[in-house]
1. Can you tell which of VAL21, VAL75 is at negative phi, surrounded by 13 or more Cβ atoms within 10 Å (Cβ to Cβ) and either of a type in the set (Val, Ile, Thr) or free of Cβ contacts under 8 Å to residues at least 12 places away in the same chain (or both)?
2. Can you tell me which residues in region 159-188 are under 16 Å from SER7 (Cβ atoms), assigned to a helix (DSSP H, G or I) and of a type outside the set (A, V, I, L, M, F, W, C)?
3. Which of the residues that make up region 200-218 are of a type outside the set (S, T, N, Q) and in contact (Cβ under 8 Å) with a residue 24 or more places away in the chain?
4. Can you tell me which condition VAL45 does not meet? The list is (1) farther than 15 Å from LEU91 by Cβ; (2) open to solvent by 20 Å² or more (accessible area, probe 1.4 Å), and all the others hold.
5. Specify which of the listed residues (ALA141, ALA162) is surrounded by fewer than 18 Cβ atoms within 10 Å (Cβ to Cβ) and of a type in the set (A, V, I, L, M, F, W, C).
6. What residue, among those in region 24-51 that are without any contact (Cβ under 8 Å) to a residue 60 or more places away in the chain and small (Gly, Ala, Ser), is nearest to ASN71 (Cα to Cα)?
7. Could you check, for region 141-158, whether at least one of its residues is touching a Phe, Trp or Tyr at 6+ places or on another chain (Cβ under 8 Å) and either within 29 Å of ARG65 (Cα to Cα) or assigned to a strand (DSSP E or B) (or both)?
8. Does at least one position in region 104-124 carry a residue that is touching a helix residue (DSSP H, G or I) at 6+ places or on another chain (Cβ under 7 Å), farther than 29 Å from ALA154 by Cα and exposed (fewer than 15 other Cβ atoms within 10 Å of the Cβ)?
Amino acid sequence: MCTVIVSVPSAPGAPTRLLAVRDEDPARPWNPLGAWWPERDDRIVGVRDVRAGGAWLAALPDAGRLAVLLNRADVSDRPEADLVSRGVLPLDAVQGSVPSGDPRTHGFNLVDVDGSAVRVVSWDGRDLRSRSLEPGVHMLAHDDVDDASTARIAAWLDAFRAASGRPDAWIEAWLGVLDRSAELSPDDDRAIIRDNRPHGYPTQSLLLCAAELTSSGVDVRYGELDHPARWTHPSWV
């Protein structure tokens, strides 16, 4: 149950800013931010899932593109043998191809950033939808964008919006919101740094990425938590 906060600019040429928190099973190995897909394009960087070989987050800095994947519950009755990994989706997106038709995957929300343009492509196993985000600060988890029925969005979206008044120190301001959110227990539905095991999932918050994008470039920072589901300010790389 990952979380993404994204600030879509209103002024031409202004940067898009994004903070993504990854929840995953700590026993499922990953590679940190790096160039793991030379067979596609050795300029692509991202966080790689070792088991399936795909990406949670991917960026093509030269093109000003970034994509990040969030899992979403689905209603599909397609057998597992017919499904492919969702990890290919961020890689396809930064190369200009987003899902269409009837994706052969479990449900997802795909955040696709192209310079100052941000859209979310959502698949629930039955309907594929695409939404372009208006200027402003938005928040996304396992349901819809800015969905007030998602407890962490209802609890913290306004705080992220208020913190976005510091464009020269936006990462620090948003991390300050995470500081406040981490006063909650990680199994609280309102928590952003999460332990989802009491809710029936093996996933815990493990790492985060912060990114600033323009049409000509992407600056991505990567940091791991010292312990799953325990908030510490990351040592960015």
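1. On the way: VAL75 fails: surrounded by 13 or more Cβ atoms within 10 Å (Cβ to Cβ).
Answer to the selection: VAL21.
2. As a first pass, look at region 159-188 and keep what is under 16 Å from SER7 (Cβ atoms): 159-178.
Subset that is assigned to a helix (DSSP H, G or I): 159-163, 167-178.
Selection gives ARG161, PRO167, ASP168, GLU172, GLY176.
3. Taking region 200-218 first, the residues of a type outside the set (S, T, N, Q) are 200-202, 206-213, 217-218.
Of everything in region 200-218, those that are of a type outside the set (S, T, N, Q) and in contact (Cβ under 8 Å) with a residue 24 or more places away in the chain turn out to be TYR201, PRO202, LEU206, LEU207, LEU208, CYS209, ALA210, ALA211, GLU212, LEU213, GLY217, VAL218.
4. (1)
5. ALA162
6. Residue satisfying both the conditions and the ranking: GLY46.
7. Residues of region 141-158 touching a Phe, Trp or Tyr at 6+ places or on another chain (Cβ under 8 Å): none.
No, that holds for no residue.
8. Here is the first cut: in region 104-124, the residues touching a helix residue (DSSP H, G or I) at 6+ places or on another chain (Cβ under 7 Å) are 104, 108, 110, 112.
Now restrict to residues that are farther than 29 Å from ALA154 by Cα: 104.
If we keep only those that are exposed (fewer than 15 other Cβ atoms within 10 Å of the Cβ) too, we end up with 104.
Yes, region 104-124 contains a residue that is touching a helix residue (DSSP H, G or I) at 6+ places or on another chain (Cβ under 7 Å), farther than 29 Å from ALA154 by Cα and exposed (fewer than 15 other Cβ atoms within 10 Å of the Cβ).
The values are calculated or read from the model by the stated rules, or taken from the named source; none is laboratory data. Since this is a predicted model, take the numbers as computed values, not measurements. As a convention, Cβ positions derive from the backbone with ideal geometry for all residues, glycine included, and neighbour counts pool all protein chains shown. For the accessible areas, the whole protein counts, side chains as well, though only heavy atoms, and no ligand, DNA or RNA atoms are used. Shrake-Rupley method; radii C 1.70, N 1.55, O 1.52, S 1.80 Å.
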